[in-house]
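Let me begin by presenting the structure, written as structure tokens, before commenting on it.
The values are calculated or read from the model by the stated rules, or taken from the named source; none is laboratory data. None of these values were measured; they are calculated from a predicted model. FYI the Cβ positions are ideal-geometry reconstructions off the backbone, even for glycines, and counts take in every protein chain you see. Side chains are part of the model used for accessible areas, which takes the heavy atoms of the whole protein and leaves out ligands, DNA and RNA. Shrake-Rupley method; radii C 1.70, N 1.55, O 1.52, S 1.80 Å.
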Amino acid sequence: MAGVADAAAAPGTGGDGRQDSGRGEPKTLWGSSEPRPPAAGSGQPSPQQRTETLGFYESDRGRKKKRSLSDLSLLRFISAELTRGYFLEHNEAKYTERRERVYTCMRIPKELEKLMFFGIFLCLDAFLYVFTLLPLRVLLAMFRFITLPCYGLRDRRLLQPAQVCDMLKGVILVICYFMMHYVDYSMMYHLIRGQSVIKLYIIYNMLEVADRLISSFGQDILDALYWTATEPKERKRAHIGVIPHFFMAVLYVFLHAILIMVQATTLNVAFNSHNKSLLTIMMSNNFVEIKGSVFKKFEKNNLFQMSNSDIKERFTNYVLLLIVCLRNMEQFSWNPDHLWVLFPDVCMVVASEIAVDIVKHAFITKFNDITADVYSEYRASLAFDLVSSRQKNAYTDYSDSVSRRMGFIPLPLAVLLIRVVTSSIKVQGVLAYVCVVLFYCGLISLKVLNSIVLLGKSCQYVKEAKMEEKLFNPILTTTPGKPAGKQQGTFKSTQGISTDENGSTSVTNQPVHQKENMPSLLVTSNSDQFLTTPDGEEKDISQDSSELKHRSAKKDLLEIDRFTICGNRID
């Protein structure tokens, strides 16, 4: 027992029988009943025995040296860059939208070309109408006018309004054709060819701008002539007003035909240039159109107007290329080998037009968040115009509706093409005249076949867009001398035709549901509003139109044409 007590009282040991460090440090804070830190002999000093400096203990110098290499900023940055991760699903909506934009850009070429293909055949149908059915309709109108005394006057009209318009178109076509004989195409060709490349480039750009401006004003001149000649008149003296309108229409068609001839001549000079530099510059000019379009704000209606303009421009370029090929083949005595020389240049012109249109529409839809399905709506709107014009009591001819919608006026282009064909092809002998008759019969067959196919496709597009109700629901229209609120009459809704008190009928475009006691509202297509309203009744019309403003915040595509939207272009 004494040995045990001596061991307990020996220096260097604690009261609980454990050895002290012998350095004279104060006792630790642990009680005798709690576990103590490791002893000095274990090789790991206790935390109370280490001096802490900047978060590290002096005794951990070895560990500090190992850790200092990994604490360098460059190594840690590289390690973080190599092992850094992220999760795209945290912003799922954003990436889904970006993917849809890519899909939309991939769908644009297909949808746009379907619209262009349909629109070009619509322009072809209106263009062939001038050469095929219009002469026959003029002959029928003349036959009716000559044989009118045999049948007597059943009504106050000598001719129907459609026959009057056909007669005016035929007379304008014949007069302008003979006026074009005084324009020397060869002199114009050599005059343009003597200019420098820069001058020709500027001239071609000016001609494109002038063509668009004169087209927008030309259809208004023709519509004013048609309405002035067919509107009901109480006095015979009022018919004199047709004469100045007629001379204005003849002057417009003649000037527009000369303008298109200069365009075709400039393109012909570019085709026949030795180094093809002018043709390259003219084709590169199409890409300048991208710069002027893609960085502007577009709505659906503005894009519809631009699409119609592109359809008209592409069809006009095809006719210009046809004129250039005819003139060149005439100069080379109709040698078929020369046609293959022109073929690469023709393909370059067509390919540049298609590429520019695709790129332009792809970026416009991307920047303005417009889906590719909008081109199906545009195609349905064009199809609706065709179907509505084929009804029994249509308010306009189809060729006129195409002119208002797309800005394509076939009369000047037809005058120029007839002038070029008659000067390039000489008809001599009986066999040549037989060939001309057969060719004319072929044109009529092509026109009829094209019309049948277009009408079937148009009915299909209208049904797919669920727009057939607008063909059969009545629209309440008014005469120019009466406001909508004062019109009285009975309306038959079973046939989709509205009948006024005079017995005249009109086919409807838009569905309008009205009560029996409510006054009828004037809802007409803006593309056909070339009529004027008397000043004394403008206030009544404005009141009715103000009631319709809050009902339709945005114009329907059927009410948008090339000319009414020009003042609302968003730059």
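Quick rundown of the values:
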read-out	value
Probe 1.4 Å, all protein chains present, accessible-area order of 323, 146, 175, largest first	146, 175, 323
Length gained when the stretch residue 338-residue 432 is fully extended (0.36 nm per residue, less Cα-Cα span)	31.5 nm
Derived scalar couplings ³J(HN,Hα) [the range 215-225; Karplus, 6.51 cos²θ - 1.76 cosθ + 1.60; whole Hz; x for Gly, Pro]	5, 5, 8, x, 5, 5, 5, 5, 5, 4, 5
Extended-chain gain in nm, criterion 0.36 nm per residue less alpha-carbon gap, residue 251 and residue 196	16.7 nm
DSSP-assigned coil residues among trypsin sites (Lys or Arg not before Pro) in the range 234-314, each with at most 15 further Cβ atoms within 10 Å	235, 276, 296, 297
Heavy-atom accessible area order for 73, 401, 445, largest first, 1.4 Å probe	73, 445, 401
Cross-link table 94/312; 110/296; 296/457; 199/297, entries beyond 30 Å C-alpha to C-alpha	94/312; 296/457; 199/297
Residue order for 430, 242 - accessible surface, 1.4 angstrom probe, largest first	430, 242
Options 219, 176, 122, ranked by Cα towards positive dipole end of the range 91-225, top entry (Cβ charges)	122
Shape call, the range 93-466: gyration tensor on alpha carbons, a/c limit 1.5	oblate
Stretch gain in nm, segment residue 212-residue 231, where the contour uses 0.36 nm per residue and the Cα spacing is subtracted	3.9 nm
Long-range HN-HN contacts of residue 407 with modeled amide H, under 5 Å	562
The range 93-466: relative contact order in percent, alpha carbon pairs under 8 Å with at least 6 residues between	32 percent
Heavy-atom accessible surface of the range 69-145: percent carbon and sulfur, 1.4 Å	66 percent
Centre separation in Å (Cα based) which lies between the range 245-282 and the range 410-437	20 Å
1.4 Å probe accessible area per residue over the range 118-224, in Å²	57 Å²
Accessible area per residue, Å², the range 287-334 with all protein chains present, probe 1.4 Å	42 Å²
Separation of the residue 148 and residue 455 label points, Cα + 7 Å toward Cβ, nm	2.9 nm
Hydrodynamic radius by Kirkwood, which averages 1/r over all alpha carbon pairs of the range 77-151, in angstrom	19.0 Å
Residue-by-residue Karplus 3J(HN,Hα) for the range 81-89, coefficients 6.51, -1.76, 1.60, Hz, glycine and proline x	5, 6, 10, 6, x, 8, 10, 5, 5
